[in-house]
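First comes the structure, then the notes that go with it.
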Amino acid sequence: MTEPAPLTAAERNRLWRWQRRMLFFYGVAIALLTLAGALMLLFGELAWVRRAALVLLLVLIAAATFVQFRERCPRCGRRLGSQGRLFLPAQCPGCGVEFARQN
(Lines give C-alpha, C1' and ligand atoms only; values in the text may rest on other atoms or scores of the structure.)
Protein backbone atom coordinates (compact mmCIF):
# COMPACT_ATOMS: atom_id res chain seq x y z
CA MET A 1 0.00 0.00 0.00
CA THR A 2 1.35 3.43 -0.88
CA GLU A 3 1.86 6.09 1.73
CA PRO A 4 -0.74 8.91 1.40
CA ALA A 5 0.45 12.44 0.71
CA PRO A 6 0.83 14.50 3.90
CA LEU A 7 -1.92 16.94 4.74
CA THR A 8 -1.52 20.58 3.87
CA ALA A 9 -1.48 23.18 6.63
CA ALA A 10 -5.03 24.24 5.72
CA GLU A 11 -6.31 20.65 5.92
CA ARG A 12 -4.64 20.09 9.30
CA ASN A 13 -6.01 23.38 10.63
CA ARG A 14 -9.54 22.42 9.52
CA LEU A 15 -9.30 19.07 11.34
CA TRP A 16 -7.97 20.61 14.55
CA ARG A 17 -10.63 23.34 14.38
CA TRP A 18 -13.26 20.59 14.10
CA GLN A 19 -11.86 18.91 17.20
CA ARG A 20 -11.95 22.19 19.18
CA ARG A 21 -15.55 22.83 18.09
CA MET A 22 -16.55 19.32 19.04
CA LEU A 23 -15.02 19.65 22.53
CA PHE A 24 -16.70 23.04 22.98
CA PHE A 25 -20.06 21.62 21.88
CA TYR A 26 -19.82 18.70 24.29
CA GLY A 27 -18.87 21.04 27.14
CA VAL A 28 -21.89 23.25 26.47
CA ALA A 29 -24.13 20.18 26.07
CA ILE A 30 -23.06 18.80 29.47
CA ALA A 31 -23.72 22.18 31.10
CA LEU A 32 -27.19 22.36 29.51
CA LEU A 33 -28.03 18.81 30.57
CA THR A 34 -26.89 19.60 34.12
CA LEU A 35 -29.13 22.67 34.14
CA ALA A 36 -32.05 20.65 32.78
CA GLY A 37 -31.48 18.00 35.45
CA ALA A 38 -31.47 20.63 38.19
CA LEU A 39 -34.69 22.12 36.83
CA MET A 40 -36.23 18.64 36.75
CA LEU A 41 -35.34 18.16 40.42
CA LEU A 42 -36.84 21.51 41.38
CA PHE A 43 -39.84 21.70 39.03
CA GLY A 44 -40.27 18.13 37.76
CA GLU A 45 -43.95 18.06 38.56
CA LEU A 46 -44.65 20.68 35.87
CA ALA A 47 -45.42 19.05 32.53
CA TRP A 48 -43.84 21.83 30.44
CA VAL A 49 -40.53 21.43 32.29
CA ARG A 50 -40.46 17.70 31.55
CA ARG A 51 -41.33 18.28 27.90
CA ALA A 52 -38.75 21.05 27.54
CA ALA A 53 -36.05 18.81 29.07
CA LEU A 54 -36.97 15.98 26.70
CA VAL A 55 -36.88 18.31 23.67
CA LEU A 56 -33.50 19.66 24.81
CA LEU A 57 -32.16 16.12 25.14
CA LEU A 58 -33.39 15.13 21.66
CA VAL A 59 -31.99 18.30 20.07
CA LEU A 60 -28.62 17.76 21.75
CA ILE A 61 -28.49 14.13 20.58
CA ALA A 62 -29.20 15.18 16.98
CA ALA A 63 -26.70 18.05 17.11
CA ALA A 64 -24.00 15.86 18.69
CA THR A 65 -24.45 13.28 15.96
CA PHE A 66 -24.09 15.96 13.29
CA VAL A 67 -21.06 17.61 14.92
CA GLN A 68 -19.19 14.37 15.52
CA PHE A 69 -19.79 12.68 12.17
CA ARG A 70 -19.58 15.58 9.74
CA GLU A 71 -15.79 15.72 9.28
CA ARG A 72 -14.02 13.40 6.86
CA CYS A 73 -10.40 12.53 6.18
CA PRO A 74 -9.16 14.82 3.39
CA ARG A 75 -7.35 11.89 1.72
CA CYS A 76 -9.71 8.90 1.81
CA GLY A 77 -13.04 10.45 2.84
CA ARG A 78 -13.56 8.24 5.91
CA ARG A 79 -15.66 9.83 8.65
CA LEU A 80 -13.38 10.74 11.53
CA GLY A 81 -16.01 10.76 14.28
CA SER A 82 -16.63 7.04 13.90
CA GLN A 83 -13.76 6.08 16.20
CA GLY A 84 -16.01 7.08 19.13
CA ARG A 85 -13.64 9.51 20.82
CA LEU A 86 -13.64 13.28 21.06
CA PHE A 87 -10.02 13.53 19.96
CA LEU A 88 -8.43 13.07 16.58
CA PRO A 89 -6.44 9.87 16.33
CA ALA A 90 -2.74 10.14 15.48
CA GLN A 91 -3.54 9.02 11.95
CA CYS A 92 -6.52 8.14 9.78
CA PRO A 93 -7.72 4.58 10.44
CA GLY A 94 -8.55 4.26 6.73
CA CYS A 95 -5.54 5.53 4.78
CA GLY A 96 -2.94 6.15 7.49
CA VAL A 97 -2.33 9.85 6.81
CA GLU A 98 -1.00 11.57 9.93
CA PHE A 99 -3.00 14.28 11.67
CA ALA A 100 -0.02 15.75 13.54
CA ARG A 101 -0.41 19.28 14.77
CA GLN A 102 2.19 21.69 13.45
CA ASN A 103 4.33 23.35 16.13
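Determine whether Leu15 is under 17 Å from the mean Cα position of the chain (by Cα), under 30 Å from Glu98 (Cα atoms) and in contact (Cβ under 8 Å) with a residue 24 or more places away in the chain.
In short, yes.
Quick one: would you say Arg75 is part of a helix (DSSP H, G or I) and basic (Lys, Arg)?
no
Say we look at segment 69-103 and pick out the residues that are of a type in the set (A, V, I, L, M) and farther than 23 Å from Phe25 by Cβ; which of these is modelled with the lowest pLDDT?
Ala100
Taking segment 32-84 as the search range and keeping residues that are surrounded by 11 or more Cβ atoms within 10 Å (Cβ to Cβ) and of a type in the set (Lys, Arg), which one is nearest to the chain's Cα centre (by Cα)?
Among them, the one singled out is Arg70.
The values are calculated or read from the model by the stated rules, or taken from the named source; none is laboratory data. The model shown is predicted, which means the values in this text are computed figures rather than measured ones. A quick note on method: Cβ atoms are made from the backbone with ideal geometry, for glycine too, and the neighbour counts reach across all protein chains shown.
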